[in-house]
1. Under a 5 Å amide H to amide H cut-off, with H placed in plane at 1.01 Å, what residues pair with ILE65 once short-range neighbours are removed?
2. Report, by chain and number, residues whose modeled amide H sits under 5 Å from the one on ARG5, excluding near sequence neighbours (fewer than 5 apart, same chain).
3. Averaging over every viewing direction, what projected area does the convex hull of the Cα atoms of the range 1-59 cover, in nm²?
4. Quick one: with all protein chains in place, what share of the accessible area of the range 1-93 is carbon or sulfur, to the nearest percent (1.4 Å probe)?
5. Tell me, what is the per residue accessible area of the range 48-93 in Å², probe radius 1.4 Å?
6. Multiplying the sequence separation of SER52 and THR21 by 0.36 nm and subtracting their Cα-Cα distance, what value in nm do you get?
7. In bins 10 Å wide, starting from 0, what share of all Cα pairs of the range 1-99 does each bin hold, as a percent?
8. If you count, for each residue, the other Cβ atoms within 10 Å and average over each peptide, how do 69-82, 40-53 line up from highest to lowest?
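The values are calculated or read from the model by the stated rules, or taken from the named source; none is laboratory data. Source: prediction; values computed, not measured. No Cβ is skipped: glycine too gets one built from the backbone with ideal geometry, and neighbour counts run over all protein chains shown. Side chains are part of the model used for accessible areas, which takes the heavy atoms of the whole protein and leaves out ligands, DNA and RNA. Shrake-Rupley method; radii C 1.70, N 1.55, O 1.52, S 1.80 Å.
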Amino acid sequence: MRLERLTLGGFKSFADPTEFTFEEPVIGVVGPNGCGKSNVVDAIKWVLGERSARSLRGTAMLDVIFAGSAARKPAGMASVTLTFSNPPRDAEAEPPAGPTGGAGPAGPAPQVGPAVPRGDTLPR
């Protein structure tokens, strides 16, 4: 599964609907000061469930909505959409090695157990 597209509207500095298409794997976001690089990262964190305004570089959650400018009215809402693709795996490709799958230098893949609420323990 990979991130295919990020669509923003009314989120922080992105007043107009803006779409980022990721045709190739992305390693980083690069651009001049003030172009919105951090706002792209904040949008991804927000849509994935971040609830701390401070973590999103604001003082209140209302700070994620475009606040307006001298030439534009404030937005009434913010929206962020992540679009993922799940391309079929190449049948001839080997499974990934290491801790995320297969056997490799880190040994076999970790086993996933039942979810345990923080503070609780599994019965022995």
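1. LYS12
2. Excluding prolines and chain starts, which carry no amide H, the hits are PHE22, THR83.
3. Here the figure is 4.7 nm², rounded to one decimal.
4. Carbon plus sulfur share of accessible area: 55 percent.
5. On a per-residue basis, 80 Å².
6. 8.5 nm
7. Bin by bin from 0 Å, the calculated values are 13, 40, 28, 13, 5, 1.
8. 40-53, 69-82
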